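The structure under discussion appears below in the form of structure tokens.
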Amino acid sequence: MEQPNLNYIQTLSGGDLDFEKKIIEIVKQEFPEEKSVYENCITAENFKETAEIVHKIKHKMSILGLEKSHKIAADFEQNLLNENKVFKEEFEKVLVVMTDFINQF
């Protein structure tokens, strides 16, 4: 499975370590909340709200260099808008990987 990295953040920062720390802190703060909202929405089968939170999480995937996972999230988001949960398992596996990575900081 694809692994998160800080390459995008490092490129964006141009070597500014304070900037990198701020971005990581924002992701670290926002992601667990978004993951919790996702879990509640998917359990309630609220497809529209689930698609909206998947859209937000998808951007975190980009920030963490998860290009293939971003594609899975985009496909999952589109399927949710059609009230279809295809890609749910794959998406949730990425959430676990992201959680483990973020918890290192």
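Quote to one decimal, in nm, the extra length available between Lys28 and Asn84 on full extension: 0.36 nm per residue of separation minus the C-alpha distance between them. Intermediate values should be presented prior to the final figure.
Details: separation 56, 0.36 × 56 = 20.16 nm, distance 2.91 nm.
That pair, Lys28 and Asn84, stretches by 17.2 nm at full extension.
Which ³J(HN,Hα) values, rounded to whole Hz and listed in residue order, are derived for segment 70-87 from phi using the Karplus coefficients 6.51, -1.76 and 1.60 in 6.51 cos²θ - 1.76 cosθ + 1.60 with θ = phi - 60°, glycine and proline given as x?
4, 5, 4, 4, 5, 5, 4, 4, 5, 5, 4, 5, 9, 6, 10, 9, 4, 5
Can you compute the equivalent ellipsoid semi-axes for the chain, i.e. the square root of 5 times each eigenvalue of the Cα gyration tensor, sorted largest first and rounded to whole Å?
Details: eigenvalues 131, 36, 25 Å².
Rounded to whole Å, the semi-axes are 26, 13, 11.
Run the dipole for the chain about the Cα centre, Lys and Arg Cβ at +1, Asp and Glu Cβ at -1, nothing else charged, and hand back the magnitude in debye, nearest 20. Intermediate results must be reported in sequence, preceding the final value.
Details: 13 positive and 20 negative charges, 25 e Å.
Using only the charged Cβ atoms, the result is roughly 120 debye.
Projecting each Cα onto the charge dipole of the chain (Lys/Arg +1, Asp/Glu -1 at the beta carbon, about the Cα centre), which of Val97, Leu17, Ala51 comes out farthest on the positive side?
My answer, from the dipole projection, is Leu17.
Sticking with the crude label model, points 7 Å out along Cα→Cβ, report the distance from Lys68 to Met1 in nm, one decimal please.
Here the answer is 1.2 nm between the modelled labels.
With a cut-off of 8 Å between alpha carbons and a minimum separation of six or more residues, what is the relative contact order of segment 7-102 in percent? The partial results should precede the final answer.
Working: 77 pairs, mean separation 24.6, N = 96.
That works out to 26 percent.
Quick one: which residues, 5+ away or cross-chain, put their amide H under 5 Å from the amide H of Leu64? H built at 1.01 Å from N.
Sorted by chain and number, the residues that satisfy this come to none at all.
Past 28 Å, Cα to Cα: identify those pairs from Lys22/Lys93; Lys21/Lys48; Lys56/Lys93; Lys21/Lys68; Lys28/Lys88; Lys60/Lys88, in the order given. Show your work: numbers first, answer last.
Details: Lys22/Lys93 26 Å; Lys21/Lys48 33 Å; Lys56/Lys93 17 Å; Lys21/Lys68 25 Å; Lys28/Lys88 22 Å; Lys60/Lys88 17 Å.
Those over the limit are Lys21/Lys48.
FYI, it's all coordinate maths here, none of it is from the lab. Treat the numbers as computed from the prediction; the structure is a model and nothing was measured. Note: ideal-geometry Cβ built from the backbone for every residue, glycine included; neighbour counts use all protein chains shown.
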